[in-house]
Structures are given as structure tokens and as C-alpha cells.
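Enquirer: Please find one structure pasted underneath; my questions will follow.
The values are calculated or read from the model by the stated rules, or taken from the named source; none is laboratory data. This is a predicted model, so every value here is computed, not measured. Here the Cβ positions follow ideal geometry from the backbone for every residue, glycine too, while neighbour counts run over all protein chains shown. Side chains are part of the model used for accessible areas, which takes the heavy atoms of the whole protein and leaves out ligands, DNA and RNA. Shrake-Rupley method; radii C 1.70, N 1.55, O 1.52, S 1.80 Å.
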There are 2 protein chains.
Amino acid sequence: MSPEANPAPPAATGKKKRLSREIVLSAALALVDAEGLDALTMRRLGQELGRDPMGLYRYAENRAALLDGVSELVLNELAIFPDDPDWQAQLRRIAHDLRLLALRHPNVVPLLVTRPLSTPLGLRPLGTLRPLEQILSLLIDAGFAPADALHVYRAYYGFLYGHILNELQEFIVDPDENEALLRLGLHRLPPKDFPHLRALAPVLVDYDGMAELDEGITILLSGLAARLSLPEAPAKL
Amino acid sequence: MSPEANPAPPAATGKKKRLSREIVLSAALALVDAEGLDALTMRRLGQELGRDPMGLYRYAENRAALLDGVSELVLNELAIFPDDPDWQAQLRRIAHDLRLLALRHPNVVPLLVTRPLSTPLGLRPLGTLRPLEQILSLLIDAGFAPADALHVYRAYYGFLYGHILNELQEFIVDPDENEALLRLGLHRLPPKDFPHLRALAPVLVDYDGMAELDEGITILLSGLAARLSLPEAPAKL
DNA sequence: GCCTACAGTCTACATTGTAGACAAGTTGCT
DNA sequence: AGCAACTTGTCTACAATGTAGACTGTAGGC
């Protein structure tokens, strides 16, 4: 066989279409979803697109920017309706949506969480700031003073991200080995030092993340509503 | 000068003491604190210790293990008294301590947050699981049913980590340029799309993370205590 | 003394991100 | 159409990284 046998052995959408930022980012996301963050190298992504790796630099300044792009792409999947008059219901729905999003793209969560730590707020990709702006809008429209809206947002988003991290930590990718692996792992712990953790093994196994998130949100929202002079929302405390 | 001029030009604690895991990890932590995660390469750390980089592999199986070690080291700075009868006060104190810890080691926070995502619970470094076990112990001793203790822990730790991430995101390392940089960043945002965010600039600048954390904890703890049949703790709802 | 184990070093290599020169292809103008 | 300006894609090259494997000390036990 000639050295030029197959120009794009693995996946290549069309034959040789023009590239675009969206195409590149989508491919990157697909790769991360399928094989994890480490698999996302310039060469690998190039190969996945049937293109020279260097070409990618036309669509992302460097690898970090590419990661930001993936973050942005994922966050764009999140729908927010800033005009919903029932802010509590809306926040609750968003929370569940974001949770599902995270479960759908678990490998991207580290990006969502860490990339903002390396970039001052104002310089983040715009798509990343959209949820913040829209939720502020939602709250302000609902009658909160802007500063209070910010407080609510922070408590809410903080809790939400915390929950997602928590849940993903106990999330084992391979559902068959789930219980076995978990117990096996726990079994390794010295019983002297970790009695409670070991005893909780059965409870740990059937973690209902959705219910737990919902409870937390309920507590938080009613608590927030009580502490701040809330608008016409139907608070049942 | 000969090619063997100075064997350890930069920092070298003693002359040439025997290495140990603690020494290596401490140096690694110092390096991360000083220059960020990316600066922690095997060669650089070796140089910092005046040793050949390969020697480090005697004390950490690979780079990932080294990162885990740093996480563990930092978490060990956190003091927990699982015998305190006032669980609410204890949780509140721990929250503030952890927050300060995070502010002291901001570059380590990504590790604290992401490393557990790559390791099934049972296989984490033991030092990392200690807080979990001890808080469970605290709650169970205080009278919670074990399963409820787990719920409380999850809500609590979730919120706590979420808050820390939130706060660090708005934390600008250089305090002089803080306001300027922040506003500058925000100024870049298209006013059409981000009116609320831009308007909140002044509020964003003086973020009182400590107060905000405390309020959140208050809401969460009293909420949790109300929802679960709590023990003799003094709940003031 | 010698022998075994382990600490530390050296050399070497595959893999990564990315700069810079170039080629090929596309678009707009006249 | 024909040329020019620009955009896309490719190639070559290099410095930096993690780490395997062989080697060299050095310390302690007989």
C-alpha cells in the first residue's frame, strides 16, 4: 500500500468540507465525551477531523482557548428563560437541567469548574457569562434588588456546582461494576479509621442525586426568600 | 567555570539530606503555591530540591500521584474535632477554616475539586477521606441517623465547595489592580447583552466572601435541621 | 572485609504544544 | 476572464514534558 493510502482513516464527517469553529469545537466535545480530557490533543483532534493539527490554530488560539470553547459549547445547551415570573420554579428547573447536562458530559465538568478560576470574570468567553446575566435578569425582573439578586445567584450557583461535583464524585462510569467496585474500594479502607464510611456503603450505592439536589434547592430557596424581602413569589414557609 | 559549577543553584534546604515523601510533597506544594500548577513539573521540582528529577519517582508513582499527595497535604491542614457536641458550630467553623485554607492555597483548589472526579471514592488517598469520615462521626455522635448524616454531609460539603469555587472565581490575585482589572474586564462586555452584570460592577468589587459563606451555612443548617429530626441542637428557627 | 538493598543519577525516547514558512484554494475587483 | 488579496490548510522543526531502564553509588548486616 502506498504511504498515502487513506487520508482520513477514522472519523471524517464529509469528504473534505471547509472547517469552522463550530465543527472543530463539536469534534473536540465529542472526543472529550468519548475518551476524556486527556484524549483531546491537537494531533488527535486533527486526526479526528482528517486535517493537519496545525490547522486548528485558525479556530482556537491555543489549547486553553479550545478548552474554553468546549466549556462554552456545553453551557450553551442550557436553556434559561429570564422572563419566567416564577423565579423559584425557574431556578429549580435550571438546576435540574444543569445536573443532567453534567451527567451527560461528565468529562467536561472539570473544565466548567476550573477554567473560570484561571480567567478574570470579565475576560471569560461570553457564552460562559450568559447564564449569570440571564439569572440576574430573572431575579431582578422578579423584584429583587440587583445586589440581592447577586447574593441569591451566588448562593444558588454555589450550591448547584457543589452538588454536581459531589454527585459526580460518587458516579462510577461503568454501571455494571458500580456496586462491586465501590464496595471493593471501600473494603480497602482500614476499618479502624473509617468505620462510618464503611458502614454507609449500602447507602452510598443508591445515591439519588436528583432528589438530593431538589431538597437542597428547596431549603436554599425558601431560606433565601425568607432572609431577603422577596417579591410576590409564593413562598410556603 | 566548570560544567559542574553549582550543583543546586536555586533553593536547596540543607546540603544534601536524604529525601522523604514529606519533603518532596512540601516542596511541591510550595512550588504550586508560588507559581501555579503548571510550574509543577518533575524537572522543576527536582531542580528545586537539588536532585535529579527521576529520583522523585521513588516517592510518587507518577505525576498524578504527586498531585494527589499535594491535595492530601493541604487537606491535612484542616482540623476537625469530631467530638464537639455542638455540631452546627463545628460545621460552621470547619467551613470558615476550609475557606481560609482555599484562600491560602488558591492554586491547589483545582486539585481538591477535580482529582476526586478521576478516582473512585474508595481509592482516594486516605488523607482525603479523613474529613468525610470525621464529619460523619461528628453528625452521628450528635444524634443523626447514619443515612441522614450522609445527607447532611453532602448538602453541607456541596455548598461549601460551591462557595469556595464561586469566591475564587472573583478573586483576583493582584489586589492593586483588582478594581481596575475587574471593571476593565466588564467594560469589554457588550452592554446590550450584559446590562445587569455591568451594572453590578461596584457590588462585585467588594465581595465579602466570609459573610456570604456564613449566611449560606446558616440557611442550610437550619433548613437541614428543620427537615430532619434533629437532636438536642439549639435551632433558632 | 563483602553482600544486599535501596537512593539517586544518567541516558534515551515518545508525546505534547506550537512557531514559522509555505502552498492551495477562495473571493472580490476590474 | 484575470489578477490580487486574503483565508485555509500543510509541512517542517523544536523545545518541553513524563517516564522507562540501566547504571552508580552508599549504608547497614554478617
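Enquirer: Which of the residues belonging to region B:49-67 are away from DNA strand D (no atom under 12 Å from the Cβ) and in a helix (DSSP H, G or I)?
Expert: B:Leu49
Enquirer: Of B:Ala147, B:Ala199, B:Ala180, B:Ala226, which residue is more than 10 Å from chain A (Cβ to nearest Cβ), modelled with pLDDT under 95 and either over 28 Å from B:Pro110 (Cα atoms) or open to solvent by 60 Å² or more (accessible area, probe 1.4 Å) (or both)?
Expert: Exactly one residue qualifies, and that residue is B:Ala180.
Enquirer: The conditions are (1) in contact (Cβ under 8 Å) with a residue 40 or more places away in the chain; (2) within 15 Å of DNA strand C (Cβ to nearest atom); (3) not charged (D, E, K, R), and B:Gln90 fails exactly one of them. Which is it?
Expert: So the condition that B:Gln90 fails would be (2).
Enquirer: Can you name the residue in region B:119-133 that is more than 8 Å from every other protein chain (Cβ to nearest Cβ) and within 20 Å of A:Tyr207 (Cα to Cα) and, of all such residues, is surrounded by the most Cβ atoms within 10 Å (Cβ to Cβ)?
Expert: Among those residues, the one meeting the criterion is B:Arg124.
Enquirer: Going by the structure shown, is B:Ala142 farther than 24 Å from B:Val70 by Cβ, touching a Leu at 6+ places or on another chain (Cβ under 8 Å) and among the hydrophobic types (A, V, I, L, M, F, W, C)?
Expert: So B:Ala142 does not fit the description; no.
Enquirer: Could you list, in sequence order, the residues of region A:12-37 that are within 11 Å of DNA strand D (Cβ to nearest atom), open to solvent by 40 Å² or more (accessible area, probe 1.4 Å) and within 21 Å of the chain's Cα centre (by Cα)?
Expert: Scanning region A:12-37 gives A:Arg21, A:Ile23.
Enquirer: Working carefully through the options A:Ala147, A:Ala199, A:Ala155, A:Ala142, find the one that is within 30 Å of A:Ala225 (Cα to Cα), more than 17 Å from the chain's Cα centre (by Cα) and without any contact (Cβ under 8 Å) to a residue 12 or more places away in the chain.
Expert: Only one candidate passes the filter, namely A:Ala147.
Enquirer: While we're looking at this one, here's another question. Name every residue in region B:45-84 that is open to solvent by 60 Å² or more (accessible area, probe 1.4 Å) and either near DNA strand C (Cβ under 10 Å from one of its atoms) or over 16 Å from the mean Cα position of the chain (by Cα) (or both), in order of residue number.
Expert: If the condition is that a residue be open to solvent by 60 Å² or more (accessible area, probe 1.4 Å) and either near DNA strand C (Cβ under 10 Å from one of its atoms) or over 16 Å from the mean Cα position of the chain (by Cα) (or both), then B:Gln47, B:Arg51, B:Asp52, B:Met54, B:Tyr57, B:Arg58, B:Tyr59, B:Glu61, B:Asn62, B:Arg63, B:Phe81, B:Asp83 are the ones that fit.
Enquirer: Does B:Ala65 fit the bill of being within 17 Å of B:Val32 (Cβ to Cβ) and assigned by TED's automatic domain parsing to the domain that holds B:Tyr157?
Expert: Answer is no for this residue.
Enquirer: Can you name the residue in region B:27-42 that is more than 16 Å from DNA strand C (Cβ to nearest atom), outside any loop (DSSP other than H, G, I, E, B) and not acidic (Asp, Glu) and is also nearest to the other protein chains (Cβ to nearest Cβ) among such residues?
Expert: Step by step, filter region B:27-42, then rank; the result is B:Val32.
Enquirer: Would you tally the residues in region B:4-33 being of a type in the set (A, V, I, L, M) and at pLDDT below 95?
Expert: 5
Enquirer: Hey, another quick one. Can you run down the residue pairs with Cβ atoms below 6 Å, 6 or more apart or on separate chains, where the first is in region B:49-67 and more than 25 Å from B:Leu117 (Cβ to Cβ) and the partner is within 9 Å of DNA strand D (Cβ to nearest atom) and open to solvent by 30 Å² or more (accessible area, probe 1.4 Å)?
Expert: B:Pro53/B:Arg43
Enquirer: Of the residues A:Pro116, A:Pro110, which is assigned to a helix (DSSP H, G or I), at the interface with another protein chain (Cβ under 9 Å from one of its Cβ atoms), within 14 Å of the chain's Cα centre (by Cα) and closer than 21 Å to B:Glu179 by Cα?
Expert: Selected residue: A:Pro116, the only one of A:Pro116, A:Pro110 that is assigned to a helix (DSSP H, G or I), at the interface with another protein chain (Cβ under 9 Å from one of its Cβ atoms), within 14 Å of the chain's Cα centre (by Cα) and closer than 21 Å to B:Glu179 by Cα.
Enquirer: If we scan region B:76-88, do we find a residue that is within 16 Å of DNA strand D (Cβ to nearest atom) and at pLDDT 95 or above?
Expert: No, that holds for no residue.
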